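Asker: Quick one: this structure, given as structure tokens, is what I'll be asking you about.
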Amino acid sequence: MMGPITEFIVSAVLIIGAGFMLIGSIGLAKLPDFFTRLHAPTKASTLGVGCILVASIIYFSVQKGELSLIEMLITLFLLITAPISAHMLAKAGLHYKAKLAEHTQNPQLTERAYQHQGPEQDSDEKQ
């Protein structure tokens, strides 16, 4: 049986998670280019799903009277795979030279990334 304090905590964490998910979804729809659209849902959605899973952990742990391991494993899997998949998508965007918005900062860095040059290659050329 859950008390009112536990219900409030679960509800608050669910609302915070839903807010992060909403922000990530709006960012995905409204941001101007591939890389910024990639950034919004990977960061905000990871936090949103993480908060929802924390609320689920709290709820089912209190209901069952024991720690809920399934949600913990899902959270661990999410925290491991989300950054890796975002990195792979960003590398694919660089490989296919995804178009950037006009106001993107530091176009020289972008050009070097498109040419697959690291910072050390650029410093070697200057010498």
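The values are calculated or read from the model by the stated rules, or taken from the named source; none is laboratory data. Small disclaimer: the values here were computed from a predicted structure and weren't measured. A quick note on method: Cβ atoms are made from the backbone with ideal geometry, for glycine too, and the neighbour counts reach across all protein chains shown.
Asker: Would you confirm whether any residue within segment 27-39 is hydrophobic (A, V, I, L, M, F, W, C) and loosely packed, with under 14 Cβ neighbours inside 10 Å?
Answerer: Taking every residue of segment 27-39 in turn, at least one turns out to be hydrophobic (A, V, I, L, M, F, W, C) and loosely packed, with under 14 Cβ neighbours inside 10 Å.
Asker: Hey, another quick one. Among the residues of segment 12-45, what is the count of those that are under 24 Å from HIS87 (Cβ atoms), assigned to a helix (DSSP H, G or I) and over 14 Å from the mean Cα position of the chain (by Cα)?
Answerer: 3
Asker: Out of all the residues in segment 64-75, which are part of a helix (DSSP H, G or I) and modelled with pLDDT under 90?
Answerer: Answer for segment 64-75, where residues must be part of a helix (DSSP H, G or I) and modelled with pLDDT under 90: LYS64, LEU69, ILE70, GLU71, MET72, THR75.
Asker: Is it the case that segment 28-39 has a residue that's closer than 18 Å to LEU79 by Cβ, out of contact with any Phe, Trp or Tyr (no Cβ under 6 Å at 6 or more places or on another chain) and free of Cβ contacts under 8 Å to residues at least 60 places away in the same chain?
Answerer: yes
Asker: Determine whether VAL54 is more than 14 Å from the chain's Cα centre (by Cα), of a type in the set (A, V, I, L, M), farther than 30 Å from ARG112 by Cα and assigned to a helix (DSSP H, G or I).
Answerer: yes
Asker: All but one of (1) aromatic (Phe, Trp, Tyr); (2) touching a Ser or Thr at 6+ places or on another chain (Cβ under 6 Å); (3) surrounded by fewer than 13 Cβ atoms within 10 Å (Cβ to Cβ) hold for PHE8; state the number of the condition that does not hold.
Answerer: The single condition PHE8 does not satisfy is (2).
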